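Down below is the structure, laid out as structure tokens.
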Amino acid sequence: MGMIATLAELMFGSGRNVVRETVEAFRASAEGADDREARMQQAALEQFAAEFAQPRPSRFDRVVDGLNRLPRPALALGTVGLFIAAMVDPDWFGSRMRGLAEVPEPLWWLLGAIISFYFGARHQAKGQEFQRAIARTFVRAQPVQSGPNPALRDWRGGQ
């Protein structure tokens, strides 16, 4: 019985766990890997938030942003208006459409390019603003557990 106790003391005594230490030499600890991943994600979010942190926009910026919101509803309502005009006064509508048919094709390509770039730039700007908002939210969010867990400490003390 003394030899087994000596072997157990050698393997698990003096606050060490030789089996665990040996296994961790060949396979990373899942708890340690999770801890490293959490720290890496937190650092990445902090860097992301610092990169996209911007002060609150000025009144001018808000007015310009409001004006930038007008073209899409104007295009949608204008299209509905064309349908209504076609039903109310087909002759008036027909004369306007004949006038549009006389517009040269390169001018239509130019109009398409301008509209595409406008909406593409708007989409990109809004996407970046959304990313900044997410980064600010993550920076302001407190970690779920900061410091030692008092309930766990009390439980271990009772063991």
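Annotations
- Rounded to whole Hz, the Karplus (6.51, -1.76, 1.60) HN-Hα couplings of the range 128-138, x for glycine and proline: 5, 5, 5, 4, 5, 5, 5, 4, 4, 5, 5
- Note on residue 97 and residue 68: the model spin-label points, each 7 Å out from Cα along the C-beta direction, lie 3.6 nm apart.
- Helix 30-52 and the longest principal axis of the C-alpha atoms of the chain enclose an angle of approximately 30°.
- Net length gained if the chain between residue 121 and residue 85 were fully extended (0.36 nm per residue, minus Cα distance): 9.8 nm
- Once C-alpha pairs closer than 8 Å and six or more residues apart are averaged by separation and normalised to the residue number of the range 39-159, the relative contact order reads 55 percent.
- Positive-end residue, the range 44-99 charge dipole about Cα centroid, Cβ charges, pick of 47, 68, 88: 88
- GNM top mover of 130, 93, 48 - the chain, alpha-carbon springs below 10 Å: 93
- Entry for Rg/Rh (Cα atoms, Kirkwood Rh) (calculated from the structure that is shown) out of (i) 1.00; (ii) 1.39; (iii) 1.16: (ii)
- Choice from 133, 30, 50 with maximal GNM fluctuation in the chain (Cα, 10 Å cutoff): 30
- Relative to the dominant Cα principal axis of the chain, helix 59-68 is inclined by about 60°.
Since every read-out is calculated from the coordinates, none of them should be taken as a lab result. Computed from a prediction, not measured in an experiment: that's the story for all the values here. Don't worry about glycine lacking a Cβ; one is built from the backbone with ideal geometry, like all the others, and counts go over all protein chains shown.
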